[in-house]
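The values are calculated or read from the model by the stated rules, or taken from the named source; none is laboratory data. Just so we're clear, the structure is a prediction, and the values are computed from it rather than from any experiment. Cβ placement follows ideal geometry from the backbone for every residue including glycine, while neighbour counts extend to all protein chains displayed. What goes into the accessible areas is simple: the full protein's heavy atoms, side chains included, and nothing from ligands, DNA or RNA. Shrake-Rupley method; radii C 1.70, N 1.55, O 1.52, S 1.80 Å.
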Amino acid sequence: MTTPVVVDIGTRDTRRVIIGGLVAGALGVPALVGAVSAYGDGEGVGGTIALVVGLAFTGIALAAVLSWKKISRPRLLVFEAPGVRWDDPRGAPWAVAWHELGAVRISRTRERVVDPADAVLRKTMVRLDLLPADHRDFRARHADMAHLAREDGAYRLPLGDAAALVPVVEGAVLGFAPHLYRGVQDEGFTVGLS
């Protein structure tokens, strides 16, 4: 494989924040209007419930607006002949040559299915794990990746709720460094949003 494989994490996250913010705003603002109306009609309990719901959803929409700049920044995971790199101009970019790695794997955690509705919207948290060939020298050469280091010596890049990225990342690693690929490591289940 000679053409780089580019995974655009920034655009995907931006789209999710926009949709989430719009939905939260569409629920929050009418709830606040309903709270004012309920209080005006003397419905204190109903007004309080609508106020709490409205503030919660409007707060989520406001958080999306306030974090817009951080969330919408360009972030690319690039696989190419020399190695793999995280292109994040306003964050913490890094690059690793394939020869510096002893192995590459994908790890994932699936959200536990508690009731049938969970099976429809089941989250799959995906991470790219880079395992250095020489841990001590790697740590010294790649201080820019210290935030990704784990106690087991791996460097883990979280890709979020991204089950669809597993075959893309897998194909990219197999295309450029098949000798390093160790497959998908299922780490079990998680409960909640983690």
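So the values come out like this:
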item	result
Scope segment 1-51; condition open to solvent by less than 60 Å² (accessible area, probe 1.4 Å), at pLDDT 80 or above and out of contact with any helix residue (DSSP H, G or I) (no Cβ under 7 Å at 6 or more places or on another chain); matching residues	44
Hits in segment 125-157 (condition: assigned to a strand (DSSP E or B) and either hydrophobic (A, V, I, L, M, F, W, C) or at pLDDT below 90 (or both))	125, 126, 128, 130, 131, 149, 157
Meets criteria (under 25 Å from residue 181 (Cβ atoms) and modelled with pLDDT of 90 or more) for residue 110	no
Only listed residue being surrounded by fewer than 15 Cβ atoms within 10 Å (Cβ to Cβ) and either out of contact with any Lys or Arg (no Cβ under 8 Å at 6 or more places or on another chain) or closer than 16 Å to residue 85 by Cα (or both), chosen from 134, 129	134
Subset of segment 158-194 that is touching a helix residue (DSSP H, G or I) at 6+ places or on another chain (Cβ under 9 Å) and in a loop (DSSP other than H, G, I, E, B) - its residue that is modelled with the highest pLDDT	177
Given (1) at pLDDT 85 or above; (2) open to solvent by 90 Å² or more (accessible area, probe 1.4 Å), index of the condition residue 96 fails	(2)
